[in-house]
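Participant: Handing you this structure, nothing more for now.
The values are calculated or read from the model by the stated rules, or taken from the named source; none is laboratory data. This structure is a prediction, so every number in the text was calculated from the model and none was measured. SASA here: full protein model, heavy atoms, side chains in, ligands and nucleic acids out. Shrake-Rupley method; radii C 1.70, N 1.55, O 1.52, S 1.80 Å.
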Amino acid sequence: MEALCKGLDLSKWNGNVDFNKVKQDGYSFVILRAGYRQTQDPKFEQYYYDATSVGLMVGAYWFTYANTVAGAENEAKACIEYIRGKKFDYPIYYDLEDDPSQSSYPLKTGKANCSAMVDVFCKTLQNAGYWAGLYTSKSVLETHITPEVANKYAIWVAQWSNKCTYAGQYGMWQCTDRGVASGIKGNVDIDVAYVNYPSLIREKGLNGYSKSTPTTPAKGKTFYRVYIDKEFNTEDDANMVACLINGKVRR
């Protein structure tokens, strides 16, 4: 697939971020953690304001601690409350993964239950006027999510490698957790987008936008086309990230 642009996903763990430097470094969008359990991410409001202020496009995700369908629905309702009144250029994602540090193991509930949790979370977001999706790893998509559910929503797949080998449909790929970006201390997750979500979301009047909103990006926002060499096969994460960031870029 042809990559359209590159971005980052961020949470409180990324600390203070200079979003102007992030944009100058060639990133077009950021996916922000809105919250987890029933709690808002402490950096969400600041990150959202700072990112949109410099013209970066924004999406959001919710890290689940649920292990039941009812729990996932409650998290969706909490997510809606925290994102209400804001505009998002990218989908709102349900982050499904185990977190041993917090004794959170939703994947242990099995494929049927995980698929049902994803379905109810995304349906609840859709009913509230948002483009909903799922973030998870390639292995979880293949073992814990039914094709029927995976095909219904925007998929953001995590596979830390030089290429994504997930056979199903997906609109974003998280290619590494060892990226480097100006304005951020330490490593950061890097994402590649293959779908022009900003245009589609505006056209459909979702995520806080009305259908009358122009479909072209606002002045000052840059949308990049990034071309990744298909022969690139280095196993060194640092070199891989450098090649991704400094690869051929044209407007």
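Participant: In whole percent, and with a 1.4 Å probe on the protein chains, what portion of the accessible area of the range 1-96 is carbon and sulfur?
Facilitator: 46 percent
Participant: Right, next: Among the listed pairs Lys12/Lys163; Lys23/Lys86; Lys108/Lys185; Lys6/Lys77; Lys43/Lys77, which are separated by more than 31 Å between their Cα atoms?
Facilitator: As for pairs spanning more than 31 Å Cα to Cα, those are Lys108/Lys185.
Participant: Moving to a separate point now. Aspartates and glutamates near Lys204 by alpha-carbon distance under 19 Å, same-chain residues fewer than 8 away left out - which ones?
Facilitator: Asp89
Participant: How would Thr146, Thr68, Thr176 line up by accessible area, probe 1.4 Å, largest first?
Facilitator: If we order Thr146, Thr68, Thr176 from most to least accessible, we get Thr68, Thr146, Thr176.
Participant: Could you tell me the center-to-center distance, by alpha carbons, between the range 163-187 and the range 79-96 in angstrom?
Facilitator: Rounded to whole Å, the Cα centres lie 20 Å apart.
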